[in-house]
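The next block holds one structure in the form of structure tokens; read it before the comments.
The values are calculated or read from the model by the stated rules, or taken from the named source; none is laboratory data. None of these values were measured; they are calculated from a predicted model. For neighbour counting, all protein chains shown are included, and Cβ atoms are generated from backbone atoms with ideal geometry for every residue, glycine included. Side chains included, ligands, DNA and RNA excluded: accessible areas come from the protein's heavy atoms. Shrake-Rupley method; radii C 1.70, N 1.55, O 1.52, S 1.80 Å.
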Amino acid sequence: MSINRREWLARLAAGGAGLLIPARRTAAAPRPVPQAAPAPAPTPENCPLALKDFQPRSMLHVAEHKVERARFPVIDIHTHLGWAKGEEVSFLATPAQILPVMDRKNVRTMVNLTGGSGAGLALSIRTFEGAAPGRFLTFTEPSWHRIAQPGYSQWQADEVERAKKAGAKGLKVLKTLGLFLRENGTTGPLVKIDDRRFDPMWDACGRLGLPVAIHVSDPEAFFTPIDRFNERYDELGNHPDWSFHDRDFPSNAELLAARNRMFARHPKTQFIVLHVGNNAENLAFVSENLDRFPNTAVELGARIGELGRQPRTARRFIEKYQDRVLFGTDAVPPPDGENYPQQVFKDELYEIYYRFLETEDEYFDYAPAVVPPQGRWRIYGLGLPEAILKKVYHDNAARILGLTT
């Protein structure tokens, strides 16, 4: 007679090992009534589960700390309170909708990076800074659509100076440069990040003391096939247009190399390299760049999902560059922000960031979403000391922005 381990354990629980030996049936023993076979238990073989429906619940019993307010006042260096198209801007929320969340979460100042240019910039500043002085700051943006016009280089440099006079606190460069801007607008070859036509603009920012918040490239997985090996399969499956694989786009390495050539030509310009230097998956490379370019700093926006799965490396990185790491979330107000759960502006977003930075909690969600939006993993807290927290939350950004601490 053969018996498997589970049957053996069950019979032991029912009355001892002797039950493994069949008892001799007597004449008076009633015949057993046939029973219907039980339905098979659900298994991956007979009940397949779609990946999109997989929502595992952790069985870990570990400490959990909800951090409702940051330990120190916060400057969120990376938010988007509106989108600009040329000199037209559309706002995603009003100051009255945003300020209550800021007050609850101890966010002293929000920096709206996408403030537009010209008349749009003036409207952005008037709408937010006019409503709550000191609570909002605004960056301007280049007018990419003018690139083919004669005299563009000098005009754009002069426009940066006009933007500063209007109240802009910096220049924001989206990944439009390098991945979307083409010689004829939307057609022709892509314009390279280190194109010489932009040199006067970078120099003007350095001369005027305007920091440049720059986003080039995207996660490395966005440049690889959307297949079973891609750790962002869910995200790219939901947003296939985010993939830069197998078209005329430069590789991730080529984009970062072009950016670095531009950095090298403009050592007097302060660059805030967004999303942890645009390469949060490779902190050794980001470290090399920070060592090579002392005019650069990094911020954390939408990348705690990367940092939190390498907590020991991330903590050593922030400890080493504690004077050059800025707090940012890449926050986008709802309803548009609901398309990006890792950066939707609401209380839970800030609570996750604070938990990541302030506690040593283990294995928790990096975004307020049922399914992890960037990759199917969870993160671990860094438990930074107060002296570093104060720099990351506030003082580093205040210094770069020229604010009174």
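Out of the total accessible area of the chain (probe 1.4 Å, heavy atoms of protein only), what percent is carbon and sulfur?
That fraction is 54 percent.
Over every pair of different alpha-carbon atoms in region 107-171, take the mean of 1/r and invert it; report that Kirkwood radius in Å.
Taking the inverse mean of 1/r over all distinct Cα pairs, region 107-171 comes out at 12.2 Å.
Per the Kirkwood definition applied to all pairs of different Cα atoms, how many angstroms is the hydrodynamic radius of region 84-241?
17.5 Å
Can you pull the Rg over Rh of region 230-283, Cα-only, Kirkwood?
1.05
With both partners inside the chain, how many of the DSSP beta bridges are antiparallel, as a percent to the nearest 5?
Bridges in the chain that DSSP calls antiparallel: roughly 25 percent.
Once the Cβ-Cβ distance between LEU190 and ALA132 is put in as r, and R0 is 25 Å, what FRET efficiency do you end up with, to the nearest 0.05?
0.05
So what is the diffusion coefficient of region 290-405 in µm² per second by Stokes-Einstein at 37 °C and 0.692 mPa s, using a Kirkwood Rh over Cα pairs?
Stokes-Einstein gives a translational diffusion coefficient of 224 µm²/s.
Report the semi-axes of the equivalent ellipsoid for region 150-275 in whole Å, largest first, where each axis is √(5λ) for an eigenvalue λ of the Cα gyration tensor.
Whole-Å semi-axes of the equivalent ellipsoid: 30, 16, 13.
Go from 0 up to the bin containing the longest alpha carbon distance in the chain, width 10 Å each, and give me the % of pairs per bin.
4, 20, 28, 22, 9, 5, 4, 4, 3, 1, 0
Calculate, in nm to one decimal, what LYS320 and LEU403 gain on full extension: separation in residues at 0.36 nm each, minus their alpha carbon distance.
Gain in length upon complete extension: 27.5 nm.
Ranking request for peptides 93-106, 365-378: highest mean number of other beta-carbon atoms within 10 Å first, then the rest in descending order.
The most tightly packed comes first, giving 365-378, 93-106.
If contacts are Cα pairs under 8 angstrom and at least 6 residues apart, what is the relative contact order of the chain in percent?
Result for the chain is 16 percent.
Where does each of 254-260, 46-52, 335-341, 114-120 land if you order them by average Cβ count within 10 Å, highest first?
Going by the mean number of other Cβ atoms within 10 Å, highest first, we get 114-120, 254-260, 335-341, 46-52.
Explain nothing, just the number: dipole magnitude of the chain about its Cα centre with +1 on each Lys and Arg Cβ and -1 on each Asp and Glu Cβ, in debye rounded to the nearest 20.
For the chain, the charge dipole is close to 860 debye.
Plugging the Kirkwood radius over Cα pairs into Stokes-Einstein for region 39-128, at a temperature of 20 °C and a viscosity of 1.002 mPa s, what D comes out in µm²/s?
123 µm²/s
Along the Cα-to-C-beta direction of GLU360, a point sits 7 Å from the Cα; which residues of region 47-74 have their amide N less than 17 Å from that point?
Answer for this model: 61-66.
Considering the Cα trace of region 237-327, what is its radius of gyration and what is Dmax, both in angstroms?
So, for region 237-327, Rg and Dmax equal 14.1, 42 Å respectively.
Ranking request for peptides 76-86, 181-191: highest mean number of other beta-carbon atoms within 10 Å first, then the rest in descending order.
76-86, 181-191
Treat every Asp and Glu Cβ in region 106-236 as -1 and every Lys and Arg Cβ as +1, leave all other atoms uncharged, and give the resulting dipole magnitude about the Cα centre to the nearest 20 debye.
So the magnitude is around 580 debye.
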